[in-house]
Structures are given as C-alpha cells and as structure tokens.
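Take a look at the structure set out below.
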Amino acid sequence: MAPSKEEQILALLKEDLLQLEDIHACMVVRKNLEGIFPMTDEFKQEILEIWEVLKDSMNEFFSIIERYSKYGLDKVYFELGKYDVIFFILPDTDTALVAIIPALANRGLLEVELENARRRIIKIIDTG
C-alpha cells in the first residue's frame, strides 16, 4: 500500500529538513499545533528549553495568519531568544510549514530549502 499523504509529509520533514544542521525543528501545523510533526525527541535538544513558551507563542502567530492569509501573507518570522521561527504558509489555508532555526544561521539558504519543501508539501496535498 502506498504511504498516506500524512506519511509522505512526515517523511519529508524527518528525512529532508531535520537532516539539515540548522533546522532544529519543523512541522506542518495550524493553530493549537494540529497537524503533522515528528516526535519532539527527534528535534534538536537545544530547543526543548523554549518548547513550551514557543507552543503558546505560535498560536498568536496563527491568529495573524488566519487574518491576513487572504491578502497574500506568505511568510511570518519571529525571534525567540537565540532562535528564529519561520512560518511558510500553505496557500489558501490556515496551515504553515514551521521551522525553528538558530538566529545566527544562514536564513537565505534555509529559506530556499524550506520553500522547496513547501512546494513538495503542496504537491503531495494536491495529488490523489
């Protein structure tokens, strides 16, 4: 049996994005962290110190995404201590590919990787 869309997206997160040195965590979620994400023990352990406050902060950004996505909002960034959290919004949804990276990472290079992943996720969702 072919893998489900959720399994394909989870594999992309774990096998492609989490393998990159500067992606400490990633997920495809909406408000209240509903969605697809690896187990937190698969995240880089450094972010666990901020994980609880991050979960609360993310809901506030999803409220912004819900409000402005109909106007073409594409990405949202915020800094939390020594980390950047990037939301790559899936078009016409309240869902985003979210990545947590070190604040000092090469954001431009990581954005290319995340944009490619977003496109692959959209393709997975749209097929079938």
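Values quoted throughout were computed directly from the atomic coordinates according to the rules given, and no laboratory measurement underlies them. Quantities reported herein were computed from a predicted structural model and do not represent experimental measurements. No Cβ is skipped: glycine too gets one built from the backbone with ideal geometry, and neighbour counts run over all protein chains shown.
In this calculation the C-beta distance from E115 to V53 is compared with R0 = 25 Å, giving a FRET efficiency of 0.40. Assign one of three labels to region 5-126, namely rounded, prolate or oblate, based on the Cα gyration tensor with a ≥ b ≥ c the square roots of its eigenvalues; rounded applies when a/c is under 1.5, prolate when it is not and a/b is larger than b/c, and oblate otherwise. Rounded shape, in that the Cα axes give a/c under 1.5. Averaging the sequence gap over all C-alpha pairs within less than 8 Å and six or more residues apart, then dividing by the number of residues, gives region 1-127 a relative contact order of 27 percent. Note on A103 and I64: the model spin-label points, each 7 Å out from Cα along the C-beta direction, lie 1.6 nm apart. Overall, the chain carries a charge dipole of about 400 debye about its Cα centre when +1 sits on the Cβ of Lys and Arg and -1 on the Cβ of Asp and Glu, all other atoms neutral. Nearest 0.05, what FRET efficiency do K14 and K123 give at R0 = 25 Å with Cβ-Cβ as r? According to the calculation, E is roughly 0.90. Remark: relative contact order (region 61-127) = 24 percent; criterion is Cα-Cα distance under 8 angstrom and separation of 6 or more residues.
Provide the net charge surrounding C26, with neighbours chosen by a C-beta distance below 12 Å and charges set as Lys +1, Arg +1, Asp -1, Glu -1. My count for the surroundings of C26 gives -2.
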